[in-house]
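Encoded as structure tokens, the structure appears first; notes follow it.
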Amino acid sequence: QAAQAELVYAAAQPAAGKGQALLVPKGSAAKTVADVKGLRVGVGKGSSAHNFLVAALQKAGLGWQDITPVYLAPADARAAFAGGSLDAWAIWDPYFAIAELEEEAQVLATSADVEPQNSYFLASRAFATEHPAALRSLVAALGEVGAWAEANHGEVAKLFADETGISLAAEQRSVDRASFQIGPLTGEIVAQQQKIADRFAALGLIPAPIAIRDIVWTGA
């Protein structure tokens, strides 16, 4: 939206709230979010983990200037965290689960402790305008798939493991703390996304404030 892309929010997958975390290595002296003051924290710039980290710091009474952010893609951050060149890491599943299982990473906070982190399905504005019935059918089908996934965590984890090459144990842990419910954006979800947009505008990560409600598809 900030880049003027002709897209609309077609559906949302509300997060269960536990799939992102601020991690520290096993044996770290940091026991709370406040303890990361002055530390090197890995995060993907402009990602949902970036938003989560800012919110976690604010809740702990810290600002962005209180840490040394290290901007890395997940795979690079994973290697840096395992190699000891990061003091902390803000990341989502399945990397979160991998770090727990393989590195015995310690959790300082999850998104459940901070604020919701949702996922979204986008559609081109032209498609939504010209083919609303088709998009309604697609959103309904996504809802059915999500309901199946919600009831079949074991099968979902195996599918993910087979496709990604990530261990079944890590995928199972990720799936078990995820939510697969998919549906239209509610007023509450729009407000949550607006809060993120306002935060990113204040940080200079997007060039100007935006109104999320302006690009929410209503099904019409």
Among Phe200, Phe127, Phe160, which one shows the biggest mean-square fluctuation in a GNM of the chain, springs joining Cα atoms closer than 10 Å? Phe127
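Taking GluC sites (Glu not before Pro) as exposed when DSSP calls them loop (any state but H, G, I, E, B) and at most 13 other Cβ atoms lie within 10 Å, what is the longest stretch of the chain free of them, the sites themselves excluded? Write out the running numbers ahead of the final one.
Numbers: sites that count: Glu6, Glu104.
Counting only loop sites that pass the neighbour cut-off, the longest clear stretch is 105-220.
Would you mind calculating the gained length between Leu159 and Ser85 on full extension (0.36 nm times residue separation, minus the Cα-Cα distance), in nm to one decimal? Mind showing how you got there, number by number?
Details: separation 74, 0.36 × 74 = 26.64 nm, distance 3.28 nm.
Full extension of this stretch gives 23.4 nm more.
Stick to Cα atoms and the Kirkwood definition of Rh, then tell me Rg/Rh for the chain.
Numbers: Rg = 18.3 Å, Rh = 18.5 Å.
Taking Rg over the Kirkwood Rh, I get 0.99.
Run the numbers for Ala29 and Ala112: contour at 0.36 nm per residue of separation, minus the present Cα-Cα distance, in nm.
On the way: separation 83, 0.36 × 83 = 29.88 nm, distance 2.27 nm.
Fully extending the segment from Ala29 to Ala112 adds 27.6 nm.
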Give me P(r) over the stretch 20-114, computed from all C-alpha to C-alpha distances, binned every 5 Å, as integer percentages. 3, 16, 31, 29, 17, 4, 0
Note down the relative contact order for the chain as a percent, whole number, built from C-alpha pairs under 8 angstrom at least six residues apart. 34
How far, in degrees from 0 to 90, does helix 74-83 lean away from the longest principal axis of the Cα atoms of the chain, to the nearest 10? 10
If you take the beta carbon distance between Leu203 and Glu103 as r and set R0 to 41 Å, what does 1/(1 + (r/R0)^6) give as a FRET efficiency, to the nearest 0.05? 0.90
Taking +1 at the Cβ of each Lys and Arg and -1 at the Cβ of each Asp and Glu, which of Ala60, Ser119, Val41 sits farthest along the dipole of the chain towards its positive end, judged by Cα position relative to the Cα centre? Ala60
With the crude spin-label approximation of a point 7 Å out along Cα→Cβ, what separation in nm comes out for Arg125 versus Ala141? 2.6
May I have the extent of the alpha carbons of the stretch 75-160 along their three principal axes, as whole Å values ordered from largest to smallest? 52, 30, 25
Among Ala149, Ala82, Ala126, which one shows the biggest mean-square fluctuation in a GNM of the chain, springs joining Cα atoms closer than 10 Å? Ala126
Using the Cα centre of the stretch 20-114 as the reference point, and only Cβ charges (+1 on K/R, -1 on D/E), how large is the resulting charge dipole? Debye, rounded to the nearest 20. 260
For Val70, residues with placed amide H under 5 Å, excluding near neighbours: Val41, Gly42, Val43
Relative contact order of the stretch 95-188 (C-alpha contacts under 8 Å, at least 6 apart) in percent is 31
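Using +1 on the beta carbon of Lys and Arg, -1 on that of Asp and Glu, and nothing else charged, what's the dipole of the chain about the Cα centre, debye to 20?
Working: 16 positive and 23 negative charges, 109 e Å.
For the chain, the charge dipole is close to 520 debye.
Just so you know, all these numbers are worked out from the coordinates, no wet-lab data involved. Treat the numbers as computed from the prediction; the structure is a model and nothing was measured. All Cβ positions, even for glycine, are placed from backbone atoms using ideal geometry, and neighbour counts span all protein chains on display.
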